[in-house]
Every structure is written in structure tokens, then in C-alpha cells.
1. Quick one: how many residues across region 89-122 are in a loop (DSSP other than H, G, I, E, B), within 11 Å of the ligand (Cβ to nearest atom) and at pLDDT 95 or above?
2. Being within 16 Å of the ligand (Cβ to nearest atom) and closer than 25 Å to Ala268 by Cβ, is that true of even one residue in region 331-342?
3. Using beta carbons and a limit of 7 Å, which pairs, at least six apart or on different chains, have the first residue in region 189-210 and closer than 15 Å to Thr161 by Cβ and within 12 Å of the ligand (Cβ to nearest atom) and the second one among the acidic types (Asp, Glu) and not in a helix (DSSP H, G or I)?
4. Listed residues Glu158, Glu175, Glu125; which is surrounded by fewer than 17 Cβ atoms within 10 Å (Cβ to Cβ), at negative phi, within 16 Å of the ligand (Cβ to nearest atom) and assigned by TED's automatic domain parsing to the domain that holds Ala76?
5. Residues that are assigned by TED's automatic domain parsing to the domain that holds Trp279 and either assigned to a loop (DSSP other than H, G, I, E, B) or touching a Lys or Arg at 6+ places or on another chain (Cβ under 6 Å) (or both): does region 389-398 have at least one?
6. Being within 16 Å of the ligand (Cβ to nearest atom) and part of a loop (DSSP other than H, G, I, E, B) is the filter here; which residues of region 353-380 pass it?
7. Count, please, the residues in region 273-296 that happen to be under 21 Å from the mean Cα position of the chain (by Cα) and over 19 Å from Gly399 (Cβ atoms).
8. When both residues are 6+ apart or on different chains and their Cβ atoms are under 7 Å apart, which pairs have a first residue that lies in region 94-106 and is in the same structural domain as Arg128 (by TED's automatic domain parsing), and a second that is among the small types (Gly, Ala, Ser) and more than 15 Å from the ligand (Cβ to nearest atom)?
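The values are calculated or read from the model by the stated rules, or taken from the named source; none is laboratory data. Computed from a predicted model, the values in this text were never measured in an experiment. Reconstructed Cβ throughout: ideal geometry from the backbone, glycine too, with neighbour counts over all protein chains shown.
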Amino acid sequence: MTDKKLPPGLHPDTLAVREAVERSQWGEHSEALYLASSFVQPNAETAARRFAAQEEGYTYTRTGNPTVTSFERRLAAMEGTECAIATSTGMSAILLVALTVLKTGDHVVCSQSMFGSTIKLLGTEMARFGVETSFVSQTDVDAWKAAIRPNTRLLFAETPTNPLTDLCDIAALAELAHAHGALLAVDNSFATPVLQQPVKLGADLVVHSGTKFLDGQGRVMAGAVCGTVALVDKVMGTFLRSGGLNLSPFNAWVVMKGMETLSLRVKAESASALELARWLEGHPKVARVYYPGLESHPQHALAMRQQNGMGGAVLAFDVVGQGAEQLRANAFHVVDSTLLCSITANLGDVKTTITHPASTSHGRLTEEQRQSAGVGQGLVRISVGLEHLDDLKADLLRGLDTLT
Ligand SMILES: Cc1ncc(COP(=O)(O)O)c(C=O)c1O
């Protein structure tokens, strides 16, 4: 039983709670959760038609599930795309893009400062299948342009980046990709559709780690790719149904409930992050703060234009220190001195998280890869949650004020 037909032109905040509400025959108010691996067919003839895709109807959860469909429709509505396809994790979403858009002999251009596993997947794993990847400076559109070759099929951007919050100019990269017959995919896990809708800026594909802000409460892993019906539903959907990268219905339901408060959370966390970033900038034991909401961020103007006037919930800072060993020790001291912040590499949670990227999210990279990503040993990353700002400041002061 589907909810009332929605009027057109609704705002994203409304779509976040109202789009694709699927109810069972009992009419429960909250979305139904269809925990089922397979679906009973009324008779053999109907089963035959459904398996032959001559009639709509669910048969087996790897090929479709009503709760997963609701999640996909809601995310597509929030991103402003024709459709979305749900995957088990953010990395399986990126894998799905790589395996469906690329083939042997193709070339990819992406930023050298993306999430560590994305760098590994595109730069190392895909090389075994004859796909070449060039890594360029995140912020330099000319560098992206110079890296393009006749066989470039995909530009892959993550903006802002984890952990340094460098931005890409999405509209400029989309224009560049299209001028060379390539596609632009944007990882929107950090910004979320509350800050930016990449397809509206010209991107072809949007990738999500739903494990981050979409869930927002650290419960489940999830991912998604958003884009056109022709590419996402038809090409990627066909691959996913055979390849089994699916999102479980339970996880889809949890993330969908998280998405209902996404806008409120992201706006509140972003406001706290801005205040915290300004405060950190004034602390004598902090060498540098990375946050797009700060006037000192080199891409502040772009951030305000592209990200709906907000900097987002994630910031990073370098502690003071001399040499890699001392920087690492100082960063560890700040992390370990917190009593409130959770020491975990995940982000986008209502609970503030703190991590040392060089030894966690970027720990598997070679020293050279880590340096070109700009992730130094003194760097600490914070994903600001919903705690009171005064409590967060006090938590960080425990380590900062006792640094020698
Ligand atoms: C920007 C970004 N993209 C993708 C991923 C991968 O997502 P998942 O952990 O859900 O596979 C992460 C994970 O931390 C991330 O930070």
C-alpha cells in the first residue's frame, strides 16, 4: 500500500519525510520494513511473468525489495536525480560505478586527496583489470584538464575531501568531463544533499556512503549511486542484480529513518563546526585549521556558493610539533585526552568523533600517497555531532592545554 500521491514541487526537507512512504495492508504510520529474502507468488503463471520481467512484482530480494525501493526513491528525490540504486556500503557503490562505467583500456582522473579506500580501489585494484587512474590536485581544475586523455571515461571527485576539506568546483569539472566525452561522478557522502546536489551542478552520478550522515547515528552500513534511469537503473541495476552488491532491507529502513532528520542534523552540526573551527584557530597549540566555513579556507567563496552557505560538520586541524614523531605523539595526546569524543574513524554521527587520519582512514596508503593527500602526522579530524559546544571545547582543551 503506497501513501497518498504527493503534490509536485515539494522542498527537500519535505521529501525527506514524505517521499516513498510504503505501508503494509495495516496502514502503519512509519514505513513498513519488509524483511524477506524471497516473495511468495500467487501462481506459477504470475511467477513466470515476473521472472521474465513481463510483469511488475517482487520475487527475490537480490533483485528487488519494497523497503530498499523506498530508500532509493527517497534518496533520488533528495538528490534531484531520476533514480538511485542502493548498495551494501559506500565502497560497493564506488565499485559498482567502476565496474559498470569502466572497461579495460579506459582511464580515470581523480583527486589525490580522496578517501583512502577509494584511492586504493581506483588506483590499485582497478589497475589489475587494465584501467589506468591519474591522481591530480583536488583544487586545481587545470591539473584535471591536463590529465585528460583520449581514453578518459570518468572523472571522480569527492568534495569536500576527507580529512582536509578541500573542495572541487563541481560545475567546472562537469563542463570539463562533458567537453571530453567523459562522465563526472561525485562522492556526496560528506556534503549530503542538504549542502549540495551535484547533479544540479552538472554531475552525472552521485555516490553515497549512507554509513555516514544519511544514517547519522552509527548503526548500519549502506551506500547508493544516484543518476539517470538509463545508466543507474538499467546498466548498474542489471549488474547489481547479478553481482549481489545489494543493501539489506533492514539497513535500508534504518537509513531511511535517519534521512528524515538529515537536514536538521547537518545544519546544526555545521553551525557548531563553524564555531569550533573559529575557536580552534585561536588556540596556541593549533598550527592550522581546515574548514571550508572559515574565511581563511582557500576555497571559502566556492564553499559558500556550492554548499548552500554552509561548511559542513567535518573539520581537521594540525597540532603544533617538530618532526613526524613529535607531531604524531602530540596528535595522539589530543585524541587520547578526550573523555567525550568517540575515537572512531566513522563520521557524520550525532556523537562527535575524533580520529588521527594518518594511522586510521589513510593508514593503508604508502607514505608517498599519504603525503600527496596532504595527511600529515600532526593532523586530527573531528566530525562534529550534537553535543553542547561548551562541552566539546572543554573536551579538546584537555589535550591541547597539556601539550608541551
Ligand atoms: C567520502 C567517503 N566515501 C566513501 C566511503 C566508504 O563508505 P563505506 O565505509 O560505507 O563503504 C567513506 C568511508 O569512510 C568516505 O569517507
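1. 1
2. Yes, the conditions are met somewhere in region 331-342.
3. Here the result reads Val207/Asp187, each pair linking region 189-210 to a residue that is among the acidic types (Asp, Glu) and not in a helix (DSSP H, G or I).
4. None of the others qualify; the one that does is Glu125.
5. The answer is no, given that none of the residues of region 389-398 is assigned by TED's automatic domain parsing to the domain that holds Trp279 and either assigned to a loop (DSSP other than H, G, I, E, B) or touching a Lys or Arg at 6+ places or on another chain (Cβ under 6 Å) (or both).
6. His356, Thr360, Ser361, His362, Gly363, Arg364, Leu365, Ala373, Gly374, Val375 - these are the residues of region 353-380 that are within 16 Å of the ligand (Cβ to nearest atom) and part of a loop (DSSP other than H, G, I, E, B).
7. 3
8. Close Cβ pairs (under 7 Å, with a partner that is among the small types (Gly, Ala, Ser) and more than 15 Å from the ligand (Cβ to nearest atom)) amount to Thr104/Gly130; Gly105/Gly130.
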